[in-house]
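Below is one structure, written out as structure tokens; comments come after it.
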Amino acid sequence: MPPVRTAAPDEAGTPLDLAGRLATTGTLTGQVDATLPTLSALGAASLAVFAVAGSRAAGVRCWPTDLAWAAAMRDVFIASWETGPLTLWCREVGVVPALDIHDVFPGWGTEPGMTITRGGRVLGELLLVPVARTGSVIAAYFLLRHERPFDDRELSAVRALQPVVVAAHGRFLRPPDPALTARQGEVLHLLAEGRTVRAIGSRLGISQSTVDKHVRDLYRRLGTQDRASTVRAAEVRGLLDGLEGERWQDLLFVDEP
């Protein structure tokens with residue numbers, strides 16, 4: 001594996017440059033790709049990572065690009081969603097100022113479930129930069145390196161940029177409008193799981209005709225005509241994972257343009 005290089009200033013640009021680019025970038029994917037090298041340069045990180053995770057999916061992008069590693073990290077986030085200490089902590093506290101992970105988890109880098117490795121080496125130093133918690137979805141940047149702890153100057157530089165990134169990403173990482181009743185939401189989630197009308201009725205203790213009525217109401221509210229388009233529209237509107245806008249499950253993953 002070639003050595004990981006950090007971002008050079010001319011590659012990353014200044015925080016002001018980044019703010020301008022984010023303001024005119026029309027997708028979360030584009031914003032993430034612009035942000036990663038800038039954060040990497042500010043924190044002098046070996047690897048910069050953007051991760052998003054929800055109850056139904058997770059995804060990772062990194063800079064410098066490493067598609068296989070990003071895919072492996074995506075699988076780690078999926079597996080650790082319910083019990084992983086880092087995901088649980090992020091879900092609890094939400095968006096807080098960037099911090100050194102050792103301030104929260106003193107055993108980071110050595111204890112089970114608290115290590116990130118690349119190329120057979122533990123990336124024992126981590127700056128965590130939370131950017132969103134909405135519905136069941138969390139998103140954060142990770143600045144990683146092997147040994148030298150991040151210093152106060154690097155942490156301050158990253159914290160100064162964090163509000164710009166949070167505000168810009170907020171165009172895409174936002175809670176949905178409360179468009180559905182509680183019962184419609186239950187039916188929608190069961191439709192997304194592929195359950196039949198009969199199975200949904202049995203699960204919810206209602207008749208098949210009542211389920212059919214809720215399904216018709218979903219079609220009307222979402223402007224759809226069948227199950228597949230209804231589930232897709234619900235994903236885009238954040239009605240399944242609590243995240244509205246660009247379909248975030250498509251953002252981060254191993255297939256690059």
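The values are calculated or read from the model by the stated rules, or taken from the named source; none is laboratory data. Because the structure is predicted, anything quoted here is derived from the model rather than measured. Glycine also receives a Cβ, built like all others from the backbone with ideal geometry; neighbour counts cover every protein chain displayed.
Out of contact with any His (no Cβ under 7 Å at 6 or more places or on another chain), of a type in the set (Asp, Glu), surrounded by fewer than 19 Cβ atoms within 10 Å (Cβ to Cβ) and closer than 26 Å to THR29 by Cβ - does that describe any residue in the range 75-83?
yes
Identify all residues within the range 24-69 that are touching a residue at least 60 places away in the same chain (Cβ under 8 Å), of a type outside the set (Ser, Thr, Tyr) and part of a helix (DSSP H, G or I); write none if there are none.
LEU28, GLN31, VAL32, LEU36, LEU39, LEU42, GLY43, LEU67, ALA68
Looking at (1) surrounded by fewer than 23 Cβ atoms within 10 Å (Cβ to Cβ); (2) in contact (Cβ under 8 Å) with a residue 24 or more places away in the chain; (3) touching a helix residue (DSSP H, G or I) at 6+ places or on another chain (Cβ under 8 Å), which is the only condition ARG21 fails?
All conditions pass for ARG21, except number (2).
Using the structure shown, decide if ALA72 is surrounded by fewer than 23 Cβ atoms within 10 Å (Cβ to Cβ), out of contact with any strand residue (DSSP E or B) (no Cβ under 9 Å at 6 or more places or on another chain) and either modelled with pLDDT of 90 or more or not in a loop (DSSP other than H, G, I, E, B) (or both).
no
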